[in-house]
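S.K.: Okay, handing you the structure first.
Values quoted throughout were computed directly from the atomic coordinates according to the rules given, and no laboratory measurement underlies them. All values reported here derive from a predicted model rather than from experimental measurement. Positions of Cβ are generated from backbone atoms using ideal geometry, with glycine treated the same way; all protein chains shown enter the neighbour counts.
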């Protein structure tokens, strides 16, 4: 098992390296080294650290509210080790890292695996909707931004995600396949979500995203890339979406591609490549300390749980959910469910 994990990690880093190599075509080693040498680290390091803390603290609060709304009360303090483990495991195994929060819900809150995954999917879809809306605003306010290329995709994503939300808010199937889908226990977050849930979660996530405009601006300025603040904000959704693709550790590779391509009008290719690699490097470095203490213990618990057979975690059988449960305490609905075996 250990040999298999090492091989998988090696393949992932090779993919990231191949993307970086492709993006770096035409950049001489001398120019690349000069860009690093001229960088203002007294600006870059504090800005990057602030950005990391905004992500970590903001997401810890966000997931505590998300799990409280749709499952059982979850405090911010309770979420710290689980969120720290998720961040740390991104360095080790992306598949395990992606399931860390689902594991937390399953093991600590007694939520079936599928329901936990669907709750995280709910938040993921809301995140995409927010970024799509921000991309459209950026394209409208900064017409010269490269974000305009993604406008059709943003419109399509926003329409689809709005339709999904509207369907679960106002759909009341009475028979057939629709009723079967609607009654799935795994969809409790979609079914129980009310407009105020969307609003509260968006009010936590939106400032996290918005702050990244300032972070991207500061990081690029530290490498003497003279990008206007408006341009940094406009392209921020693309940087977060593409740079956050879960195909490589902390977006290594895709992040370089979107930064070098998106901001090419404001700095040299070597400076853009150097700044984006520095961002990936410090993101990796900041995750290493999270493996210590309680986060490390939780990470080991996740790894051990992930290695157990799937049959050891059978999900609860779905059952009808009356309309009367909508708008009530979603936590009570989950407490009534049979728990998956630990």
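S.K.: Using Cα-only point scatterers and the Debye equation, what is log10 of I(q)/I(0) for segment 148-192 at each q in 0.13, 0.26, 0.31 Å⁻¹, rounded to two decimals?
M.R.: Each listed q corresponds, in turn, to -0.39, -0.91, -1.08.
S.K.: Among 108, 172, which comes first, then next, by fewest other beta-carbon atoms within 10 Å?
M.R.: With the fewest neighbours first, 108, 172 line up as 172, 108.
S.K.: Separate question: Which of rounded, prolate or oblate describes segment 96-185 when judged by the alpha-carbon gyration tensor and an a/c cut-off of 1.5?
M.R.: Note, shape of segment 96-185 comes out oblate.
S.K.: Based only on Cα atoms, what Rg/Rh ratio does segment 56-307 have, Rh being taken as Kirkwood's radius?
M.R.: Ratio of gyration radius to Kirkwood radius for segment 56-307: 0.99.
S.K.: Put one equal scatterer on each alpha carbon of segment 21-63, apply the Debye formula with no solvent term, and list log10 I(q)/I(0) at q = 0.18, 0.20, 0.23, 0.27 1/Å to two decimals.
M.R.: -0.70, -0.74, -0.79, -0.87
S.K.: Would you list 215, 204, 149 from fewest to most Cβ contacts within 10 Å?
M.R.: 149, 204, 215
S.K.: Pull out the extension gain between residue 10 and residue 121, defined as 0.36 nm times the separation in residues minus the alpha carbon to alpha carbon distance; nm, one decimal.
M.R.: 37.2 nm
S.K.: Can you give the Rg to Rh ratio for segment 237-289, taking only C-alpha atoms and Rh from Kirkwood?
M.R.: In segment 237-289, Rg relative to Rh is 0.98.
S.K.: Also: Sort 71, 197, 224 so that the residue with the fewest other Cβ atoms within 10 Å of its own Cβ comes first and the one with the most comes last.
M.R.: 224, 197, 71
S.K.: Using all alpha carbons of segment 138-264, what is the percent of pairwise distances in each 5 Å bin, ordered from the shortest bin to the longest?
M.R.: Spelled out per bin, shortest first, that is 2, 9, 14, 17, 16, 13, 10, 8, 6, 3, 1, 0, 0.
S.K.: Apply the Debye scattering formula to segment 1-149, with a single equal point scatterer on each alpha-carbon and no solvent, then give log10 I(q)/I(0) at q = 0.16, 0.18, 0.21 Å⁻¹.
M.R.: -1.18, -1.24, -1.26
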